[in-house]
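As structure tokens, the structure follows; a few thoughts come after it.
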Amino acid sequence: LIGENYLKWSQLIRTILKGKGKGSHLTDNAPDEKDVKFKSWDEEDSMIMAWLWNSMVLEISDTCMFLKLAKEIWEAVEQTYSKAKDAVQIYDVKVKTLGAKQGNKSVTEYANQLKSLWMKLDHYRVIKARCSEDSVILKEYIEQDRVYDFLVGLNSEYDQVQIQILGKEKVPRLNEVIAIIQSEESRRELMLE
């Protein structure tokens with residue numbers, strides 16, 4: 001962790017610990033010291049604390065060196081570097097997303113640029129639905145909005161394919177739209193050979 005790479009760093013750490021069956025050390029409270037499992041848990045937690053410190057630059061690890069649990073380290077770093085709900089970060093990502101254009105990039109490069117921005121936006125703008133139905137509707141709305149964002153930034157050579165996509169009764173999912181445009185890009189490249 002060097003600060004500005006918090007998103008990638010936190011995802012990597014969560015994935016590694018989850019893969020080792022230790023993800024709960026970042027989220028759950030310690031068992032009672034009288035619990036028979038405490039000694040084993042405490043040893044694991046110490047190991048995870050060392051992993052966390054070793055994955056940070058010295059200036060960051062020094063700020064949490066004397067915390068007593070991996071969960072405390074995780075929460076301290078999250079509060080300092082996650083920038084979740086940060087209006088400036090949200091605004092910056094939205095400006096970049098709305099200004100994104102394919103230009104000289106391939107369709108894949110352009111799509112990946114947008115996906116990276118959307119991933120950051122999802123992290124910074126935490127939205128909690130009240131029920132599972134609302135959550136599904138919200139996700140569909142966000143995905144459809146992203147389809148439009150993607151199509152808007154494409155080069156004009158894809159206008160005809162865009163019209164076909166938007167003319168469908170139901171707008172396809174984002175990955176399907178990207179695949180359709182990628183296929184058209186490949187078809188055009190083959191025709192030019």
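The values are calculated or read from the model by the stated rules, or taken from the named source; none is laboratory data. Every value quoted in this text rests on a predicted model; they were computed, and no experiment measured them. Heads up, the Cβs are rebuilt from the backbone with ideal geometry, glycines too, and the neighbour counts pull from every protein chain shown.
Filtered by the rule that a residue be at pLDDT 95 or above and among the hydroxyl-bearing types (Ser, Thr, Tyr), region 137-185 gives Tyr148, Ser156, Tyr158, Ser183. Summed over region 123-142, residues that are surrounded by 13 or more Cβ atoms within 10 Å (Cβ to Cβ) and closer than 28 Å to Gly99 by Cβ total 5. Every test in (1) more than 26 Å from Lys83 (Cβ to Cβ); (2) modelled with pLDDT of 95 or more; (3) exposed (fewer than 13 other Cβ atoms within 10 Å of the Cβ) is passed by Gly99 save one, and that test is (1).
Is it the case, given these coordinates, that Gln160 is within 21 Å of Asn104 (Cα to Cα), surrounded by 14 or more Cβ atoms within 10 Å (Cβ to Cβ) and over 18 Å from the mean Cα position of the chain (by Cα)? So Gln160 fails the test.
Selection of first residues in region 143-169 that are closer than 28 Å to Asp122 by Cα and of second residues that are of a type in the set (Lys, Arg), restricted to Cβ pairs under 9 Å at least 6 apart or on distinct chains, gives the following pairs, ordered by first then second residue: Glu143/Arg173; Gln144/Arg173; Arg146/Lys115; Val147/Arg173; Val152/Lys101; Gly153/Lys101; Leu154/Lys101; Asn155/Lys101. Taken as a whole, region 81-89 holds no residue that is surrounded by 15 or more Cβ atoms within 10 Å (Cβ to Cβ), touching a residue at least 40 places away in the same chain (Cβ under 8 Å) and closer than 21 Å to Lys170 by Cβ.
Taken over region 165-185, residues that are surrounded by fewer than 11 Cβ atoms within 10 Å (Cβ to Cβ) and of a type outside the set (D, E, K, R) amount to 1. Filtering Gln79, Gln102 for residues that are closer than 30 Å to Lys22 by Cβ and out of contact with any strand residue (DSSP E or B) (no Cβ under 8 Å at 6 or more places or on another chain) leaves a single hit, Gln79.
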